[in-house]
Amino acid sequence: MKTIMALSCLLAILGCGNKPKEGTPVRYEYVYSGTMRDPITWYEVASTPEKGATISYSVDCRPEITVIKAPADIFERIGAMAKEYKLHKLSPSYKPSMEILDGYGWHMFIEYPDDYIGSGGSNAWPPAKLWAGISAINEYIKGIIDASTEADIVEKKLR
């Protein structure tokens, strides 16, 4: 057992346990929040047999959630950006060297059929190259939201 633990630690240090994910994502979520009750920005890309691929979102600390139709290839695009920016190299958590109890936090989660990439931070962010990948995915999603019309809305609800 000690050998397995030591090997696991060594692989994590060397980055061998942090390989690119296989397959196409099946869900994406991003939250950026401050000290308010509702998040500043929240995106969830998911798919159901009834609705197909959708983007659920809430912005500007509003409790309203809008759900819109998403392009059929949205998961392929998110997966391609995750690979391009090597998001599998994200640490599970980022935090400053000193404890800060206010400010901003974030988390990002990409779910694959058999794996996931998850990361978050409290008053701290990943290196610029990795943050650029998260930003690229969020800008892509924001572009779809900004281009959507009333006809694209599947539902509106309260958080």
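Taking E22 as the residue in question, decide whether it is surrounded by 15 or more Cβ atoms within 10 Å (Cβ to Cβ), touching a residue at least 60 places away in the same chain (Cβ under 8 Å) and either of a type in the set (D, E, K, R) or outside any strand (DSSP E or B) (or both). In short, no.
Mind checking which pairs have a first residue in segment 138-156 that is in a loop (DSSP other than H, G, I, E, B) and a second that is surrounded by 11 or more Cβ atoms within 10 Å (Cβ to Cβ), Cβ under 8 Å, 6 or more apart or different chains? Filtered contacts from segment 138-156: S148/I68; S148/K69.
When the residues of segment 74-108 are filtered to those that are hydrophobic (A, V, I, L, M, F, W, C) and touching a helix residue (DSSP H, G or I) at 6+ places or on another chain (Cβ under 9 Å), the one that is nearest to M36 (Cα to Cα) is W106.
What residue, among those in segment 102-137 that are of a type in the set (A, V, I, L, M, F, W, C) and part of a strand (DSSP E or B), is nearest to C61 (Cα to Cα)? Per the stated criteria, the residue is W106.
Residue-by-condition table, conditions (1) farther than 21 Å from K19 by Cα; (2) buried (at least 18 other Cβ atoms within 10 Å of the Cβ):
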position: E64; (1), (2): yes, no
position: I68; (1), (2): yes, yes
position: D73; (1), (2): yes, no
position: A82; (1), (2): no, yes
position: L90; (1), (2): no, yes
position: E99; (1), (2): yes, no
position: Y104; (1), (2): yes, no
position: S119; (1), (2): no, yes
position: P126; (1), (2): no, yes
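Considering only residues in segment 131-159 that are loosely packed, with under 10 Cβ neighbours inside 10 Å and among the hydrophobic types (A, V, I, L, M, F, W, C), the one that is nearest to E29 (Cα to Cα) turns out to be L158.
Checked across segment 74-89, the condition of being in a loop (DSSP other than H, G, I, E, B), modelled with pLDDT of 95 or more and among the charged types (D, E, K, R) holds for at least one residue.
The values are calculated or read from the model by the stated rules, or taken from the named source; none is laboratory data. None of the values given here were measured: they were computed from a predicted structure. Every residue, glycine as well, gets a Cβ built from its backbone with ideal geometry; the counts of neighbours run over all protein chains shown.
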